[in-house]
Amino acid sequence: MIWRLWVFVAGCPVGAVAFLGCTLHAGPAPARGLSAWAAANPWLALAGCSALVGAGAVLLASWLARRGADEPERPLHLAAGASFGLAGLPAAVAAWLDLAPGPLAHAALAGAAFAAGLVFGARAQGSAGGLPRRAGLAVAGVAATSIALVALSVAVGAVAGPGTTPPRGLAAAVLEVDARTPLAPARSCRLSGPAEVLLDRGAHPAFGPDGRVLWLDAPDEAGTRQIHRLDLRTRELQCWTCGEPGHNLRPRPVPGGRALLFVTSRHRRTLAPAQWEIHSVRATGARPPPGSRRLTFHPAWDDIPVAPPLPETVVFTRRGRGRTDVLLATVRTGHGGLLLGPASVLFSGGPAFATSLGWSPDARALLLARGNPLGPLEVRTLDPATGEQRGLGDGIAWNAGAAFAPDGSLVALATTSRASALGVLPGWLGAVLAPLALGRDAFGVLFRGTGLRLAAREGPPADFDLGEAGDWGSPTGIGLAPDLGSVVLGQRREGKRGLEERIVQIPLRCGTPDAGGAGRGATGTGRDAAHR
């Protein structure tokens, strides 16, 4: 009787991954092919499907045990072979995390492993061993399957390979934007004063186009992250998305400041936690609008929106099927609202994590990063008009994004160092680690320490040590005032009272390179401390 219980337990994970394969990432109608009851009660349906397959496995194993009388320990051999069914545990996790090649493939692999185990048990001869042997087989099978599924996801992600593939017509559009963007004289900047704490909460700050307001996300009274607007003249903080469901974060104003892009978790399902989507909301007026509009509908993790200088376009990062890509989509109107047209791949990370930090106002510099998102990354600029690339160095906090001068001639980046040993893992595991990194960036601490890097259109970038202000915590965002008078940084750390956040503002002094001391630190590495 004990061996039948073992077969039942080993068969349950196969039922679980089969259920996930039928329900996950099936499009806007996730319950397609299932009853409304199963969609409304996913955990109960998951348990029922697991138990059904487990019971079926017991019936099959009992039938195999009665075939022939030449092997008295056949039931124990069948129990040992059924241990292969525990491969469904890592397969279910892989399906839940949306690793390649997909939930249905993971279900098929788990079912094949379980079937092979039963065939092995039905043909085995001799001593079957005891419970320790079955336990050892189970542990070895789970470990081997976990490694194999990660390797499979990386291999599938590497088939297409990384690279940039700008869509047709993009170069002409970029040159048109560049031609009508006024170019200011070459400038260099240095820190000119101590850091000032604007808010003792908030993350992902971004200046409005006129520099009078600062957009950020911060917890409301219920602890849900919402988009807020800070008036820098009156210091009035106004919640902009309170009343809307889910966590709403990463605000990014579009050129002109009429609308705001942000990421929301409201479309996540119980068994598909990666359903983050991009929304748009009006950013003008004295009062918040009645609601936002959904832009993306793809069953994947859409995150890190970038408002490019091209009219009516959105750039964002999509993570799904074990890979991440930077996509460009055109905003269209339809069905009484806004939606995105077909997305084109701008930059593919292959099996590594890939994202865009920003796009310059003159459209000539698209900032791209690729690697392991649990560590700082190297950032490069891509000129979509010519294909020319330029390195801005490594050690960049990709989650903080980038902030440009109005003419695109200067960009501010946050530097940092890794906070986890997982940050030393190779970059080709980046897409697998992306859910963990994106979750930490939204609700936890991703890196350690904050620095500032300013990069002009020409010449080497300049690094600035922020001193005590930089030691306070990990960067969560960066913003550059349109008049280049200051830079703001979001920071986060684990404190005695839990997670602590703040928004700090650091004065800048910018001028032409030949304007005496105003140009110091522009062509080399500055070491001005923000706390002095």
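The values are calculated or read from the model by the stated rules, or taken from the named source; none is laboratory data. Since the structure is predicted, the reported quantities are computational estimates derived from the model, not experimental observations. Using ideal geometry, Cβ is built from the backbone for each residue, glycine included, and neighbour counts are taken over all protein chains shown.
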Exercise. Within region 259-292, how many residues are within 14 Å of Val314 (Cα to Cα) and part of a loop (DSSP other than H, G, I, E, B)?
Worked result: 0
Seminar exercise, completed: Among strands (runs of 3 or more DSSP E) entirely within region 324-400, at least 3 residues that are within 14 Å of the chain's Cα centre (by Cα) occur in 353-359, 366-371
Exercise. What residue, of Gly393, Gly401, Gly387, Gly375, is in contact (Cβ under 8 Å) with a residue 24 or more places away in the chain, at positive phi and crowded, with 24+ Cβ neighbours inside 10 Å?
Worked result: Gly401
For this session: Any residue in region 1-22 that's assigned to a helix (DSSP H, G or I): show its pairings with residues that are modelled with pLDDT under 90 and of a type in the set (Phe, Trp, Tyr) at Cβ separation under 7 Å, as long as the two are six or more apart or on different chains.
Result: Leu20/Trp96
Problem set entry | Evaluation of Ala138 against (1) under 30 Å from Arg323 (Cα atoms); (2) in contact with a helix residue (DSSP H, G or I) (Cβ under 6 Å, 6 or more places away or on another chain); (3) part of a loop (DSSP other than H, G, I, E, B) (one fails), failing number | (3)
Exercise. Which is surrounded by fewer than 23 Cβ atoms within 10 Å (Cβ to Cβ), touching a residue at least 40 places away in the same chain (Cβ under 8 Å) and basic (Lys, Arg), of Arg67, Arg74?
Worked result: Arg67
For this session: Taking Gly449 as meeting all but one of (1) assigned to a strand (DSSP E or B); (2) over 25 Å from Leu366 (Cα atoms); (3) in contact (Cβ under 8 Å) with a residue 60 or more places away in the chain, write down the number of the exception.
Result: (3)
Problem set entry | Subset of region 46-83 [part of a helix (DSSP H, G or I) and charged (D, E, K, R)] | Arg66, Arg74
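To keep it simple, each residue is scored yes or no on (1) part of a loop (DSSP other than H, G, I, E, B); (2) touching a Lys or Arg at 6+ places or on another chain (Cβ under 9 Å).
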{"residue": "Arg190", "(1), (2)": "no, yes"}
{"residue": "Val197", "(1), (2)": "no, yes"}
{"residue": "Arg201", "(1), (2)": "yes, yes"}
{"residue": "Trp215", "(1), (2)": "no, yes"}
{"residue": "Gln226", "(1), (2)": "no, no"}
Problem set entry | Residue check, Ala124 of a type in the set (A, V, I, L, M, F, W, C), in contact with a strand residue (DSSP E or B) (Cβ under 7 Å, 6 or more places away or on another chain) and either on the phi > 0 side of the Ramachandran plot or surrounded by 12 or more Cβ atoms within 10 Å (Cβ to Cβ) (or both) | no
Problem set entry | Residue within region 301-314 that is surrounded by 19 or more Cβ atoms within 10 Å (Cβ to Cβ), of a type outside the set (S, T, N, Q) and free of Cβ contacts under 8 Å to residues at least 40 places away in the same chain present | yes
